[in-house]
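A.B. asks: Let me begin by handing over the structure; questions about it come next.
The values are calculated or read from the model by the stated rules, or taken from the named source; none is laboratory data. What you see is a predicted model, and the numbers here were worked out from it, not measured in a lab. A quick note on method: Cβ atoms are made from the backbone with ideal geometry, for glycine too, and the neighbour counts reach across all protein chains shown. Surface accessibility is based on the protein's heavy atoms, side chains included, excluding ligands, DNA and RNA. Shrake-Rupley method; radii C 1.70, N 1.55, O 1.52, S 1.80 Å.
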Amino acid sequence: MTTDYDITCAAEFAALQNRVDRYFVELNTECPYGLPYMASFHQAMFGPLTDRAMELFLAAGYRRNGNCLYNMRCAQCSACIPIRLRPEKFKSNRNQRRAAKKNSDLSVRVTPVDMDHDNMALCDRFLQARYPQEHNTAEGYYGGFFCNTIVDSVRIEFSCKDKLIGGSVIDLGGNWMNAVYFYFDPDESARSLGTFNILTLVEMCLDYGIDYLYLGYLIKGVDAMCYKEHFRPHELFINGRWLESA
């Protein structure tokens, strides 16, 4: 069922879209998630946005990459489905509670999104282990993806006995949180840090009174993207509407 909130957002976004759509272009490239189709990014670069403008873009299924906002308009594929949580409705399952217990020894702190040595080294280790393409570097991800001048962003650091083992980049607004990227120590895979990261974001949203947590894309069949489906209830953006999946 479409809520009054989503109806209002859709109406405001339609007016916003009429003003900015001429700045968007289509970028066609190989699928970044390894699917055998050409990916088409509908994207535009922006200067600083108001909190409400970013909220409207997120509610319309858009994502952020650096100062660029985009959505997917792939001709042969519709696998990328925006997913969000309502933190006050979320119910953890047994595996998620196990992940929380497994990581109860970690310290968690919020920091600026800067290119410090420890985070750059950890991000490089993660990229080399998971996505070892030639141009995948921490410097490239931070400079072109994480850092931006259009919205407020912070980083959440997860440490074990003063050793950094995870970094979560998020955008933060008055009533929304946008999970941008999470990287972690490949040697700590048994901790289920990706799950623990989302549980941490849910708790932050509850603490801050934030109603909407955007988790990026759910892509079934892609391990790094499909685990989000286990956070329930969640909402999926399908055919221009947010639909709850219990």
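A.B. asks: Among (1) without any contact (Cβ under 8 Å) to a residue 40 or more places away in the chain; (2) surrounded by 12 or more Cβ atoms within 10 Å (Cβ to Cβ), where does A75 come up short?
C.D. replies: Every condition holds for A75 apart from (2).
A.B. asks: Which condition number does L56 fail, the rest of (1) in contact with a helix residue (DSSP H, G or I) (Cβ under 7 Å, 6 or more places away or on another chain); (2) modelled with pLDDT under 95 being met?
C.D. replies: Evaluating L56 over (1) in contact with a helix residue (DSSP H, G or I) (Cβ under 7 Å, 6 or more places away or on another chain); (2) modelled with pLDDT under 95 leaves (2) as the failure.
A.B. asks: Condition first: among the charged types (D, E, K, R), under 27 Å from L243 (Cβ atoms) and either open to solvent by 60 Å² or more (accessible area, probe 1.4 Å) or without any contact (Cβ under 8 Å) to a residue 40 or more places away in the chain (or both). Now tell me which residues in region 1-55 satisfy that.
C.D. replies: Within region 1-55, D4, E12, D21, E26, D51, R52 qualify.
A.B. asks: Take S159 and decide whether it is open to solvent by 10 Å² or more (accessible area, probe 1.4 Å), closer than 21 Å to L49 by Cβ and hydroxyl-bearing (S, T, Y).
C.D. replies: The answer is no for S159.
A.B. asks: Is there any pair with a first residue in region 122-136 that is farther than 18 Å from I156 by Cα and a second that is among the hydrophobic types (A, V, I, L, M, F, W, C) and surrounded by fewer than 16 Cβ atoms within 10 Å (Cβ to Cβ) whose Cβ atoms are under 8 Å apart and which are 6 or more apart or on different chains, and what are they?
C.D. replies: R130/A224
A.B. asks: Also, quick follow-up: Would you point out which residue out of N178, N197 is buried (at least 17 other Cβ atoms within 10 Å of the Cβ), of a type outside the set (V, I, T) and part of a strand (DSSP E or B)?
C.D. replies: N178
A.B. asks: For region 203-245, give me the residue count where each residue is in contact with a His (Cβ under 9 Å, 6 or more places away or on another chain) and surrounded by fewer than 16 Cβ atoms within 10 Å (Cβ to Cβ).
C.D. replies: Selection size over region 203-245: 2.
A.B. asks: For region 83-127: of the residues being more than 21 Å from the chain's Cα centre (by Cα) and among the basic types (K, R), which is least open to solvent (accessible area, probe 1.4 Å)?
C.D. replies: K102
A.B. asks: Taking into account only those residues within region 133-156 that are hydroxyl-bearing (S, T, Y) and over 16 Å from the mean Cα position of the chain (by Cα), which is most open to solvent (accessible area, probe 1.4 Å)?
C.D. replies: My answer is T149.
A.B. asks: Looking only at region 182-195, decide whether some residue is of a type in the set (G, A, S) and over 20 Å from K101 (Cα atoms).
C.D. replies: No, every residue in region 182-195 fails to be of a type in the set (G, A, S) and over 20 Å from K101 (Cα atoms).
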